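Okay, so here's the structure we're looking at.
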Amino acid sequence: MTEEKTGSKPGRRVVRIFKGLAVGMLVLLVIVNIVHFTWKNSGSGRWEQVIDKDGVKIYTLKSPGSVLKRVRGVTHVKTTLNAAVESMMQTSSKDCQSWFPGCQSVQTVKPWNPQDLTYVQLYRLNPKFPFSGREFLLKGKVTQDPQTKAVLIEFMAMPDELALNSCCFRVAHMHNSWRFTPQANGLVEVENRMNVDLGIPYFLFNRYTPGSLFRLLAPLQKYLDNDRWQHTKYDLIKEKA
C-alpha cells in the first residue's frame, strides 16, 4: 500500500506541472490579447516626428483600429521634375540594388502609357531572415498639379494582375506615393508616404520601417544626380518657371 502511494506521487506531480503550465499559457494568452487590442484601439491619428537627421525627417501615424503605422518621410533635393519622374521609372535591377537595400530585381509589365501617365512594374525584394522574398506588382500613376507644378507618383498594388510566383509572397495591400514639389529657392521638396502591409508581424514593421525609409531617402540626392535622368523631357510634365 505504501509503495502504491509512493509510486503515484510522481504522476500527481506531473499532473500539477501540466495544470500549472496550462494556467500560465492561458494567462499569457489573455495578456497578449489585452496588449493587442489596447494597441489596435490606440493612436492619435496625427503625424509624429521620430527622426530628424541629415536633412531627412521621418514621421509616423497611428490610427485607432489599425495595428500598422503609416510612415512619411520628407527631404529636399536639387533636381528637375522630369529627372525625378524618369528616375522612378527605371527597370534596371542594378540601379534598384544600389539605392534600395534588399532589392533583387525590377521588370516592366506594362510600359509607360503617355495617354494616362501610367505604367506597371514588378519588384522583387529579399528581406532579412526568416522572411521569404516579397513581390510587388505595382501600377504607377503620375499626375501634376497645374498650379504648384507638384508631381505626384502613386504606386498601387495590383496583386491579381499576374499569376503568383512560388518564389515570393505577393504583397496585396500597398498605396505608396512620392510627391516632388518645386520650392522658391530652386530646391525640390520630396515627400514619400508609405501605406503598405508587407505581411510581417506588425510590431516588427512598426519598429523598423521608419529607419528603412530614412535609409532610402538619405542617398536620394546621389541617386537623382545620375546623368541618365537629366536629359529626358515628358510632354505632360512642366517645370516651374
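The values are calculated or read from the model by the stated rules, or taken from the named source; none is laboratory data. Note that the coordinates shown come from a computational prediction; the quantities given were computed from them, not determined experimentally. Cβ placement follows ideal geometry from the backbone for every residue including glycine, while neighbour counts extend to all protein chains displayed. Quick note on the areas: whole protein, heavy atoms, side chains included, nothing else; ligands and nucleic acids left out. Shrake-Rupley method; radii C 1.70, N 1.55, O 1.52, S 1.80 Å.
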Check: In the range 183-241, how many are over 21 Å from Pro101 (Cβ atoms), outside any loop (DSSP other than H, G, I, E, B) and among the aliphatic types (A, V, I, L, M)?
Finding: 1
Note to self: Please determine whether any residue of the range 79-96 is within 30 Å of Lys240 (Cβ to Cβ) and in contact with a Cys (Cβ under 7 Å, 6 or more places away or on another chain).
What the structure shows: yes
Next item on the list: Scan the range 161-195 residue by residue and report those that are within 16 Å of Phe136 (Cα to Cα), surrounded by 19 or more Cβ atoms within 10 Å (Cβ to Cβ) and either hydroxyl-bearing (Ser, Thr, Tyr) or touching a helix residue (DSSP H, G or I) at 6+ places or on another chain (Cβ under 9 Å) (or both).
Entry: Met194
Item checked: Within the range 144-157, tally of residues that are open to solvent by 40 Å² or more (accessible area, probe 1.4 Å) and out of contact with any His (no Cβ under 9 Å at 6 or more places or on another chain) -> 6
Margin query: Restricting to the range 91-112, and then to whatever is without any contact (Cβ under 8 Å) to a residue 40 or more places away in the chain and in a loop (DSSP other than H, G, I, E, B), can you tell me which residue is farthest from Thr148 (Cα to Cα)?
Written below: Gly102
Margin query: Pairs please, first residue from the range 20-39 and under 19 Å from Ser66 (Cα atoms), second anywhere and surrounded by 10 or more Cβ atoms within 10 Å (Cβ to Cβ) and modelled with pLDDT of 65 or more, Cβ atoms under 8 Å, 6+ apart in sequence or on different chains.
Written below: His36/Val67; Trp39/Val67
Next item on the list: Would you mind telling me which numbered condition in (1) surrounded by 15 or more Cβ atoms within 10 Å (Cβ to Cβ); (2) over 19 Å from Ser105 (Cβ atoms) Glu135 fails?
Entry: (2)
Checklist line | Pairs where the first residue, in the range 223-241, is more than 21 Å from Asn185 (Cβ to Cβ) and in contact (Cβ under 8 Å) with a residue 24 or more places away in the chain and the second is part of a loop (DSSP other than H, G, I, E, B) and of a type in the set (A, V, I, L, M), C-beta under 8 Å, 6+ apart | finding: Leu236/Leu117
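Within the range 217-238, can you find the residues that are within 15 Å of His76 (Cβ to Cβ) and open to solvent by less than 50 Å² (accessible area, probe 1.4 Å)? Walk me through how you get there before you give the answer.
Narrowing the range 217-238 to residues within 15 Å of His76 (Cβ to Cβ): 217-225.
Scanning the range 217-238 gives Leu217, Pro219, Leu220, Tyr223, Leu224.
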Margin query: Here is a list: Ser105, Ser212. Which entry is surrounded by 14 or more Cβ atoms within 10 Å (Cβ to Cβ) and touching a helix residue (DSSP H, G or I) at 6+ places or on another chain (Cβ under 8 Å)?
Written below: Ser105
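Is it the case, given these coordinates, that Gly140 is small (Gly, Ala, Ser), out of contact with any Asp or Glu (no Cβ under 9 Å at 6 or more places or on another chain), touching a residue at least 24 places away in the same chain (Cβ under 8 Å) and not in a helix (DSSP H, G or I)?
On the way: small (Gly, Ala, Ser): yes; out of contact with any Asp or Glu (no Cβ under 9 Å at 6 or more places or on another chain): no; touching a residue at least 24 places away in the same chain (Cβ under 8 Å): yes; not in a helix (DSSP H, G or I): yes.
No.
Going by the structure shown, is Glu135 part of a strand (DSSP E or B), closer than 28 Å to Asp52 by Cα and free of Cβ contacts under 8 Å to residues at least 40 places away in the same chain?
Details: part of a strand (DSSP E or B): yes; closer than 28 Å to Asp52 by Cα: no; free of Cβ contacts under 8 Å to residues at least 40 places away in the same chain: yes.
For Glu135, the condition - part of a strand (DSSP E or B), closer than 28 Å to Asp52 by Cα and free of Cβ contacts under 8 Å to residues at least 40 places away in the same chain - is not met.
Can you tell me which residue is most open to solvent (accessible area, probe 1.4 Å) among those in the range 41-68 that are assigned to a strand (DSSP E or B) and among the β-branched types (Val, Ile, Thr)?
Pass one, the range 41-68, residues assigned to a strand (DSSP E or B): 47-53, 56-61.
Right, trim to among the β-branched types (Val, Ile, Thr) and you get 50-51, 56, 58, 60.
On the way: Val50: 79, Ile51: 39, Val56: 1, Ile58: 0, Thr60: 11 Å².
Going through the qualifying residues, I end up with Val50.
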Check: Do we find that Gln115 is open to solvent by 20 Å² or more (accessible area, probe 1.4 Å), in a strand (DSSP E or B) and at pLDDT below 95 in this structure?
Finding: no
Notebook entry, point to check: Does the range 69-88 include one or more residues that are open to solvent by 80 Å² or more (accessible area, probe 1.4 Å) and at pLDDT below 75?
Noted result: no
